[in-house]
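*Asks:* Right, I'll just put the structure down here and ask away after.
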Amino acid sequence: MDKAENLDLTPAEARRLETFKQRYREETRALISQRLNHFQPLTGGTYTSVTIRDQKTRWGSCSSRGTLSFNYRLIFAPPAILDYVVVHELCHLTHMNHSAAFWAHVSSVLPDYRVRRQWLKDHGQELSVERHMEKRGIPLKLEETPSHKET
Ligand SMILES: [Zn+2]
């Protein structure tokens with residue numbers, strides 16, 4: 001359930017949310033590029049570019065031209081989960097499929113990848129900017145601020 005996404009945002013609130021998303025997107029880009037540098041020597045493979053996208057369903061992808069794409073919402077995931085997606089896409093540079101050889105490659109870098117993969121299946125839908133802001137106590141709505149009553 002993601003009630004926040006159904007909130008009726010005013011144009012100003014929507015623009016503000018967009019600014020937050022942009023900031024998180026930049027954070028994702030910085031962190032992912034750091035983790036790619038960390039894991040690439042372990043997985044091998046050569047990527048040509050990295051894109052950060054706002055996608056509903058996919059966490060990452062790897063094109064035959066060597067472009068790696070990642071979902072910006074990974075910034076809201078625990079670091080171990082982001083690492084799993086990074087390693088998964090890096091391994092696709094060698095295996096463009098989900099063959100046994102692909103999973104053996106992933107497992108050679110992250111022996112506990114199954115647990116991380118399962119976490120993403122179970123909790124991935126919870127990784128939204130709205131929920132993240134709610135957790136941090138950052139209001140999505142700017143108007144209708146409740147008046148504080150003296151008691
Ligand atoms: Zn894959």
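Each value in this text was obtained by applying a stated rule to the coordinates, not by laboratory testing. Everything quoted here is computed from the prediction, not taken from an experiment. Glycine gets a Cβ as well: all are built from the backbone with ideal geometry, and neighbour counts include every protein chain shown.
*Asks:* Considering only MET96, MET133, LEU17, whose Cα is most displaced toward the positive end of the charge dipole of the chain, charges sitting on Cβ of Lys, Arg (+1) and Asp, Glu (-1)?
*Replies:* After comparing all options, I get MET96.
*Asks:* Oh, and also: Assign unit charges at the C-beta atoms only (+1 for Lys and Arg, -1 for Asp and Glu), then state the dipole size of segment 1-129 relative to its Cα centre in Debye, rounded to the nearest 20.
*Replies:* 200
*Asks:* Across all directions of projection, what mean area in square nanometres is found for the Cα convex hull of the chain? Before the final figure, lay out each step's value.
*Replies:* On the way: hull surface 44.7 nm².
That works out to 11.2 nm².
*Asks:* What do you get for Rg/Rh over segment 8-82 if you use C-alpha atoms and the Kirkwood form of Rh?
*Replies:* Values: Rg = 14.3 Å, Rh = 13.6 Å.
Rg divided by Rh gives 1.05.
*Asks:* Now, a different point. Kindly count the pairs of lysines across the chain whose alpha carbons are less than 24 Å apart, treating pairs on different chains or eight or more residues apart as eligible.
*Replies:* 14
*Asks:* Same structure, new question: Specify, per residue and in Å³, the volume enclosed by the convex hull of the alpha carbon atoms belonging to segment 55-120.
*Replies:* Here the figure is 84 Å³ per residue.
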